[in-house]
């Protein structure tokens, strides 16, 4: 069974990134995937805390069980609005914490992280402005994502969505979410 772990990075419950991620997860679940969702808003956690070497998970806090779920995912969904030209602070703080999942010998280890080998990453990126601004965050974070072992990285991007629910009018983004969920959870269940 495919295990999908979804991190919701919007501080706004029910916002556009939440809704688009939910569409992906609904389709994946209908195909037989196990879905685990964590809303980062309201959790108390810090970013990476350590001396700059990998292998230190940092403090025990509300993100600790989230990271345990992330390590066992087949598909990791990161859903975020664009705030001040980048992912939300909640999502960036969680992403920084992924550094603690690197093994101390990550530069020479064939499996440099504690992530499940072959994990796919889906970034749900929503923004109030048009596509000419901010770009594809997967490209911006590409070198780090490669080092983390995410060989398959997919983007679901919705632009010009501001008010909660605007994304439900973006047929292209909704179709992309549905097709991608079907592709990543192939053949488990055709429901």
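The values are calculated or read from the model by the stated rules, or taken from the named source; none is laboratory data. Owing to the predicted nature of the structure, the values given are computational and were not obtained by experimental measurement. With ideal geometry, Cβ positions are generated from the backbone for all residues, glycine too; neighbour counts draw on all protein chains shown.
Hey, among 161, 167, which residue is assigned to a loop (DSSP other than H, G, I, E, B), over 17 Å from the mean Cα position of the chain (by Cα), touching a residue at least 24 places away in the same chain (Cβ under 8 Å) and surrounded by 19 or more Cβ atoms within 10 Å (Cβ to Cβ)?
Details: 167 fails: assigned to a loop (DSSP other than H, G, I, E, B).
Residue meeting the stated conditions: 161.
Of the residues screened, residue 121 is not one that is surrounded by 15 or more Cβ atoms within 10 Å (Cβ to Cβ), under 13 Å from the mean Cα position of the chain (by Cα) and without any contact (Cβ under 8 Å) to a residue 40 or more places away in the chain.
Taking residue 138, is it part of a strand (DSSP E or B), in contact with a strand residue (DSSP E or B) (Cβ under 7 Å, 6 or more places away or on another chain) and free of Cβ contacts under 8 Å to residues at least 60 places away in the same chain?
Numbers: part of a strand (DSSP E or B): no; in contact with a strand residue (DSSP E or B) (Cβ under 7 Å, 6 or more places away or on another chain): yes; free of Cβ contacts under 8 Å to residues at least 60 places away in the same chain: yes.
No; evaluated as a whole, the condition is false for this residue.
The set of residues in the stretch 11-28 being surrounded by 17 or more Cβ atoms within 10 Å (Cβ to Cβ) and in a helix (DSSP H, G or I) consists of 16, 17, 18, 19, 20, 21, 22, 23, 24, 25, 27, 28. Put simply, of 76, 67, 8 the only residue that is surrounded by 16 or more Cβ atoms within 10 Å (Cβ to Cβ) and over 23 Å from residue 178 (Cα atoms) is 67.
Taken as a whole, the condition of being at pLDDT below 95 and under 21 Å from residue 8 (Cβ atoms) applies to residue 116.
Quick grid of which residues meet (1) touching a residue at least 60 places away in the same chain (Cβ under 8 Å); (2) on the phi < 0 side of the Ramachandran plot; (3) out of contact with any helix residue (DSSP H, G or I) (no Cβ under 9 Å at 6 or more places or on another chain):
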residue	(1), (2), (3)
6	yes, yes, no
17	yes, yes, no
29	no, yes, no
40	no, yes, no
61	no, yes, yes
69	yes, yes, yes
74	yes, yes, no
88	yes, yes, no
95	no, yes, no
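Screening residue 156 against (1) closer than 13 Å to residue 23 by Cα; (2) in a helix (DSSP H, G or I); (3) touching a residue at least 24 places away in the same chain (Cβ under 8 Å) leaves a single unmet condition, (2). If you go through the stretch 41-55 and keep only what is modelled with pLDDT under 65 and either in contact with a strand residue (DSSP E or B) (Cβ under 7 Å, 6 or more places away or on another chain) or surrounded by 15 or more Cβ atoms within 10 Å (Cβ to Cβ) (or both), you end up with 54, 55.
If you go through the stretch 56-81, how many residues are at pLDDT 90 or above and not in a strand (DSSP E or B)? Before you say what the answer is, go through the steps one by one.
Step one: list which residues in the stretch 56-81 are at pLDDT 90 or above, which gives 61-81.
Within this subset, residues satisfying the condition of being not in a strand (DSSP E or B) are 61-74.
Counting residues in the stretch 56-81 that are at pLDDT 90 or above and not in a strand (DSSP E or B) gives 14.
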